[in-house]
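Take a look at the structure set out below.
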Amino acid sequence: MGAIFRREIGAFFTSSIAYIFLAVFWIFTGYFFYAGCLMSATTDMSVMFQSLFLICIFLIPILTMRLFSEEKKQKTEQGLLTAPVSLGEIVFGKYFAALTLYTIALAMPFLYALILSSFGNVEWGMLFANFLALFLLGAAFIAIGLLVSALTENQIAAAVVSFVVLMVFYMIDVINSYISNEIVTKVLDVLSFYRKYFAITCGLFNISTVVFYLSVAVVFNYFTIRVFERRRWS
Amino acid sequence: MIEVRNLTKHYGDKHAVNGISFTVDDGEILGFLGPNGAGKSTTMNMLTGYISSTSGQALINGVDILEDPIKAKSFIGYLPELPPLYVDMTVKGYLDYIYDLKKCKLPRKAHLTEVMELTMIADVQNRLIKNLSKGYKQRVGLAQALIGNPPVLILDEPTVGLDPKQILEIRTLIKKLGKNHTVILSSHILSEIQAVCDRIIIINHGVVAAHDTTDNLERNHSTDHRLIARIAGPREDIVKALRNITGIKYCRADMEREPGVYEYELEATPGTDIRYELFEIVAKNNWPMLALRSAELTLEEVFLKITMGSNVDAPVVETEKAKKNEKAEAKEEEKGEDA
């Protein structure tokens, strides 16, 4: 797993995806920080965190699009799948590489929090809950993007499809408001990504939210492993 | 060592590989020969665990590739048809990555240097793979297979894209490696397989059409009795005269190579040497003979011969289907001869 992880981190930076991802992510965090905290003269960063949900939907597909589709296209996948490593190592090696880059991106808003703390009182408990939520959100989204990337050999297709899938997850609440069937509404309510995230940014930390996002990450990574297993047997 | 028993791969109704069995011992080089789409790469992909087999077994050093894939794969160095190279890495960086990927335990620096020197890529080690020529890329692919010094090497057309000097060097290297490795090598080029391999398997339509040692194949399909002569003179008369040579089976004027000079394809019954008589005829008629060479054995010819089964003493035909194919093709051949 270590070898794949290191290679992917290297590839992020040689393919310039890392720079684009970090730059765009930081531009938006910068703007939201300016608009949400500095302009309103508050140490409450929840506006920034709420806005970053949508930014993740746009940016995470860019992070994950290349991971498996390019392997397939360049036929390097054959080298990976005939190496003495398990499918789990391959999938998680790539997954954690993307997650690491995402975590690096989160360092910037953390820096803003430190800046704020020198001017006023920062509610650290709430802030850490927000960071945890944003991190887990990314962890779930990256797993989804990774699965889509494993299903195609076209980077752009992977990015667009991941974006649409994430958008659908985001819109679950909107879709839900049109449905009158009580059972369906309840199920969709449980699956809502944004409602759970929003609750945390408002200061309502709930351990079930953590379990939900972690479960999504695990389930989608498991699906990715299954995709490769099935392809081998087909 | 590699043991393959009744390996089969079906894609829906299509039988890509149908019941192939063979063994390769330690220190042996086995050649895989066959036309495109015959099932060579599919067989290799099954041996290396890239795809699963529909039925049958492949044992690498006694380990079933489907039962304990990670252990079995650790015995194999594989060079696929297209080397799996990350083009945005340097040669050294890439080999370093492969070293980690294979969880290699040999001393890193010494081993990588050794592999790069063996495959003659040490001079490009700091260059990006995407900037290398096809020949260098192929050799980086070979280097990747050699990392970790695996006891089994599976090489799918290892000399594609190399220049003649490099081909010779790589062949020498494979031969050297063959002394203490188990090697399977596929190729379209018969001369290459002849130069390197101890045994040859010819695959057609997913079945083993022939399985023999290189020596036997050479003996059985030796081309001494097939000649190509370039003779200046009237074409019709020459063909007529040549057809009178004792023991000649077949004579045909081929292309016009020089103005008024044709090449003639001659085939005598095996074991007869028609060169003396040929010389006498052209000398008597005062037709200058500009060139004489024995017809090269092309893959297709050996392949056709073996699948048609006319000249082979004992081809190892592995399955019922192959026998049926053989009969059908033999019939067609008879029909062709009648016509």
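The values are calculated or read from the model by the stated rules, or taken from the named source; none is laboratory data. Owing to the predicted nature of the structure, the values given are computational and were not obtained by experimental measurement. Using ideal geometry, Cβ is built from the backbone for each residue, glycine included, and neighbour counts are taken over all protein chains shown. When the accessible area is computed, the model is the full protein with side chains, heavy atoms only, and any ligands, DNA or RNA have been set aside. Shrake-Rupley method; radii C 1.70, N 1.55, O 1.52, S 1.80 Å.
Provide the per residue accessible area, probe 1.4 Å, for the range B:70-114, rounded to a whole number of square angstrom. Walk me through the numbers on the way to the answer.
Working: 2000 Å² over 45 residues.
Value returned for the range B:70-114: 44 Å² of accessible area per residue.
How big is the Rg/Rh ratio for chain A, C-alpha atoms only, Rh by Kirkwood, two decimals?
Values: Rg = 18.6 Å, Rh = 18.7 Å.
In chain A, Rg relative to Rh is 1.00.
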**Report entry** Pair B:E67, B:E236: separation of 7 Å Cα→Cβ label points (nm)
**Finding:** 7.3 nm
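Give me the inter-chain shielding for A:73-80: mean count of other chain Cβ atoms within 10 Å, whole number please. Numbers along the way, then the final one.
Details: counts 0, 6, 6, 7, 2, 11, 16, 3.
Taking all residues of A:73-80 together, the mean is 6.
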Query raised in the report: With +1 on each Lys and Arg Cβ and -1 on each Asp and Glu Cβ, how big is the dipole of the protein assembly as shown about its Cα centre, in debye rounded to the nearest 20?
Result: 1360 debye
Report summary line: On the accessible surface of the range A:1-55, probed at 1.4 Å with all protein chains in place, carbon and sulfur together account for a percent value of 73 percent
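Ignoring ligands, DNA and RNA, what accessible area per residue does chain A give at 1.4 Å, in Å²?
Values: 10470 Å² over 234 residues.
Heavy-atom accessible area per residue stands at 45 Å².
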Report task. Using a 10 Å cut-off on Cβ atoms, rank the peptides A:170-177, A:40-47 from the highest mean neighbour count down. Result -> A:40-47, A:170-177
**Report entry** Interface residues, the range B:42-74 - accessible area loss of 50 Å² or more versus chain alone, probe 1.4 Å
**Finding:** B:Y50, B:S52, B:I70, B:K73
**Report entry** In order through the range A:62-76: 3J(HN,Hα) via Karplus (6.51 cos²θ - 1.76 cosθ + 1.60), integer Hz, x for Gly, Pro
**Finding:** 5, 5, 9, 4, 7, 3, 9, 4, 6, 4, 5, 5, 7, 6, 6
Requested in this report: Taking 7 Å along the Cα-to-C-beta vector as the label spot, tell me the A:F119-A:A199 distance in nanometres, rounded to one decimal.
Outcome: 3.2 nm
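Within 10 Å of each Cβ of B:99-105, how many other protein chain Cβ atoms are there on average? Please report the intermediate quantities before stating the final value.
Numbers: counts 1, 7, 14, 4, 5, 2, 0.
Going residue by residue through B:99-105 and averaging, the value is 5.
I need the calculated FRET efficiency for the pair A:V160 and A:S15, taking r as the beta carbon distance and R₀ as 22 Å, to the nearest 0.05.
Details: r = 18 Å, r/R0 = 0.84.
Using R0 = 22 Å, I get an efficiency of 0.75.
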Query raised in the report: Helix-derived [θ] at 222 nm for the protein assembly as shown: sum -39500 (n - 2.57) over DSSP H runs of at least 4, divide by residue count, nearest 500?
Result: -18000 deg cm²/dmol
**Report entry** Residues in the range A:127-151 that a label on A:R230 would reach, taking backbone N under 13 Å of a point 7 Å out along Cα→Cβ
**Finding:** A:147-148, A:150-151
Query raised in the report: Using alpha carbon centroids, what distance separates the range A:1-43 and the range A:154-210, in Å?
Result: 23 Å
Query raised in the report: Taking amide hydrogens as modeled 1.01 Å from N in the peptide plane, which residues meet the under 5 Å criterion relative to B:N204, leaving out close sequence neighbours?
Result: B:A209
Report summary line: Rounded to whole angstrom, the alpha-carbon centroid of the range B:146-188 lies from that of the range B:30-53 at a distance of 16 Å
Requested in this report: Apply 1/(1 + (r/R0)^6) to the Cβ-Cβ distance of B:E280 and B:K249, taking R0 = 22 Å, and write down the FRET efficiency to the nearest 0.05.
Outcome: 0.70
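Kirkwood Rh over alpha-carbon pairs of the protein assembly as shown, then Stokes-Einstein at 10 °C and 1.306 mPa s: what D in µm² s⁻¹, rounded to an integer?
On the way: Rh = 28.3 Å.
After rounding, the answer is 56 µm²/s.
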Query raised in the report: For the range B:160-206, which whole percent of the accessible surface, found with a 1.4 angstrom probe, sits on carbon and sulfur atoms?
Result: 61 percent
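Taking a 21 Å limit on the Cα-Cα distance, which of the listed pairs B:K103/B:K130; B:K240/B:K284; B:K73/B:K137; A:K75/B:K134; B:K134/B:K165; B:K71/B:K103 fall beyond it?
Values: B:K103/B:K130 25 Å; B:K240/B:K284 14 Å; B:K73/B:K137 23 Å; A:K75/B:K134 16 Å; B:K134/B:K165 14 Å; B:K71/B:K103 12 Å.
From the list (B:K103/B:K130; B:K240/B:K284; B:K73/B:K137; A:K75/B:K134; B:K134/B:K165; B:K71/B:K103), the Cα-Cα distance tops 21 Å for B:K103/B:K130; B:K73/B:K137.
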**Report entry** Distant-in-sequence amide H partners of B:L290 (H built 1.01 Å from N, under 5 Å)
**Finding:** B:R230, B:I231, B:A232
Requested in this report: Read phi for every residue in the range B:255-271 and hand back ³J(HN,Hα) as whole Hz from Karplus 6.51 cos²θ - 1.76 cosθ + 1.60, θ = phi - 60°, with x for Gly and Pro.
Outcome: 6, 7, 8, 10, x, x, 10, 10, 9, 10, 9, 10, 10, 9, 5, x, x
**Report entry** Calculated FRET value between A:F135 and A:I175, using beta carbons and R₀ = 25 Å, to 0.05
**Finding:** 0.40
Report task. Mind jotting down the distance between the C-alpha centroids of the range B:229-267 and the range B:82-136, whole Å? Result -> 53 Å
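Enter the buried accessible area of the B/A pair, total of both sides, probe 1.4 Å, in Å² rounded to the nearest 100. Walk me through the intermediate numbers first.
Working: alone 17170 and 11660 Å², together 26490 Å².
Heavy-atom accessible area buried at this interface is about 2300 Å².
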Report task. Just give the residues from the range A:1-28 buried by at least 40 square angstrom of accessible area in the all-chains context relative to the isolated chain, probe 1.4 Å, and say none if nothing qualifies. Result -> A:A3, A:R7
